[in-house]
Amino acid sequence: MNQLPTKCPICNGELAVTRLYCPQCDTTIEGHFSPGRNPFANLSPEQLQFTLTFVRCEGRFNRMEEELNLSYPTLRNRLNDVIRTLGFEPGREEPQPQVVRLSAEDRLRILDDLAQGKISSEEAQQQLRGVKKGESAGMDANSSERKG
């Protein structure tokens, strides 16, 4: 069975599905249906195959190098192409908030500040979770997690 096209081959406009058919019971449904947004629909067949290989190899480039007989820089470039096609910018990581363990005294102080109206309930919740406002984790904390 052919893959559902998402773009018009003439004008490149978005296509709408107007008929669905069940071969098992010979039912036809007509109307205007959205095909649903598949983030992988914009990938070329080669990019989709690369992505499937990436998942099958659990993201391990050394296994992909052996399987595809490609160098690490080539694999990295292909992954970056897939990332861009999916609408993301490669190499950008979202900053993670720094989490701090609070003592019992700190928790009581936060609750007192909330009771006195010094902070909002949202601020109190954030502080009680141990997330420091406006700070992100340092590179040292993340560098050991990004090996691979």
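The values are calculated or read from the model by the stated rules, or taken from the named source; none is laboratory data. The structure displayed is predicted, hence computed values, not measured ones. As a convention, Cβ positions derive from the backbone with ideal geometry for all residues, glycine included, and neighbour counts pool all protein chains shown.
Listed values, structure above:
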item	result
Some residue of segment 15-29 being more than 22 Å from the chain's Cα centre (by Cα), acidic (Asp, Glu), outside the structural domain of residue 123 (by TED's automatic domain parsing) and exposed (fewer than 10 other Cβ atoms within 10 Å of the Cβ)	yes
Pairs, first within 13 Å of residue 49 (Cβ to Cβ) in segment 64-76, second not in a helix (DSSP H, G or I), C-beta under 6 Å, six or more apart	64/57
Matching residues, segment 39-50, being surrounded by 11 or more Cβ atoms within 10 Å (Cβ to Cβ) and not in a helix (DSSP H, G or I)	40, 41, 42, 43, 44
Test: residue in segment 51-71 that is within 30 Å of residue 16 (Cα to Cα), modelled with pLDDT of 90 or more and part of a helix (DSSP H, G or I)	yes
Matching residues, segment 30-41, being under 17 Å from the mean Cα position of the chain (by Cα) and either farther than 16 Å from residue 16 by Cα or modelled with pLDDT of 90 or more (or both)	39, 40
Test: residue 3 is at pLDDT below 85, over 18 Å from the mean Cα position of the chain (by Cα) and closer than 27 Å to residue 77 by Cβ	yes
